[in-house]
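S.K.: If you scroll down you'll find the structure; I have some questions about it.
The values are calculated or read from the model by the stated rules, or taken from the named source; none is laboratory data. Computed from a predicted structure; not experimentally measured. Counting neighbours? That spans all protein chains shown, and the Cβs are built from the backbone with ideal geometry, glycine included.
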Amino acid sequence: MTHHSCRIVFLLTVIVLFLGSRTASAQLSDPGLSGSLETNHQTYFYKDPNKAFLLAFFPGLLIHGYGHFYADDYITGDVLLGGEVLSVLSVGLGALIKSDTTTFSGGLLGNPVNADNIGSNLIWGGIIAFGGLWIIDMAHAPTAAQEFNNEHGLKPVVFFENDHPILAMACKF
């Protein structure tokens with residue numbers, strides 16, 4: 001391909017991507033495409049604090065911050081997930097250092113005894129951080145869900161239909 005034809009292919013690719021993104025954004029912003037009248041006007045959905053706790057418990061054990069993601073508290077969820085990644089890396093690095101202290105001795109780690117101690121500290125620090133962040137997620141996720149509900153005026157309501165209780169979600173507009 002010549003230099004001129006590469007420019008044409010690049011320009012056509014940019015135009016196609018630009019038009020595709022404009023079409024997709026126009027479809028997403030059109031309230032008539034989202035479905036029923038209830039869907040069009042229900043912007044926020046009630047977040048159950050008990051469900052937030054349960055999601056923080058599991059799968060929150062594996063994905064820290066899951067309860068906060070459910071409660072739309074993405075900043076805290078991202079911090080908890082990032083802390084989990086760092087804690088797992090700390091445990092892995094500590095295990096690597098302890099596996100062969102003579103290789104990692106010298107430099108910043110000093111002699112093999114210091115390398116072994118640093119490896120142990122990294123492992124235990126990572127384990128404590130992993131558990132602590134999981135506990136924080138479980139303890140705060142219900143509060144985050146309740147704060148979301150309060151911010152948007154959402155609350156659960158129960159009414160009776162044919163003598164049977166029906167649980168519904170209410171929203172103030």
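S.K.: Looking at the stretch 113-120, is at least one residue modelled with pLDDT of 80 or more, exposed (fewer than 15 other Cβ atoms within 10 Å of the Cβ) and among the hydrophobic types (A, V, I, L, M, F, W, C)?
M.R.: yes
A quick yes/no check of all residues on (1) hydrophobic (A, V, I, L, M, F, W, C); (2) at pLDDT 95 or above; (3) under 10 Å from the mean Cα position of the chain (by Cα); (4) not in a loop (DSSP other than H, G, I, E, B):
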{"site": "LEU54", "(1), (2), (3), (4)": "yes, yes, no, yes"}
{"site": "GLY67", "(1), (2), (3), (4)": "no, yes, yes, yes"}
{"site": "ILE75", "(1), (2), (3), (4)": "yes, yes, yes, yes"}
{"site": "LEU80", "(1), (2), (3), (4)": "yes, yes, yes, yes"}
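S.K.: Further question: Exactly one of (1) surrounded by 15 or more Cβ atoms within 10 Å (Cβ to Cβ); (2) without any contact (Cβ under 8 Å) to a residue 24 or more places away in the chain; (3) of a type in the set (Val, Ile, Thr) is unmet by VAL85. Its number?
M.R.: (1)
S.K.: What residue, of SER90, SER99, is touching a Leu at 6+ places or on another chain (Cβ under 6 Å) and of a type in the set (S, T, N, Q)?
M.R.: SER90
S.K.: Residues of the stretch 49-80 being within 18 Å of GLY132 (Cβ to Cβ), crowded, with 23+ Cβ neighbours inside 10 Å and among the hydrophobic types (A, V, I, L, M, F, W, C), which ones?
M.R.: Within the stretch 49-80, ALA56, LEU80 meet the criteria.
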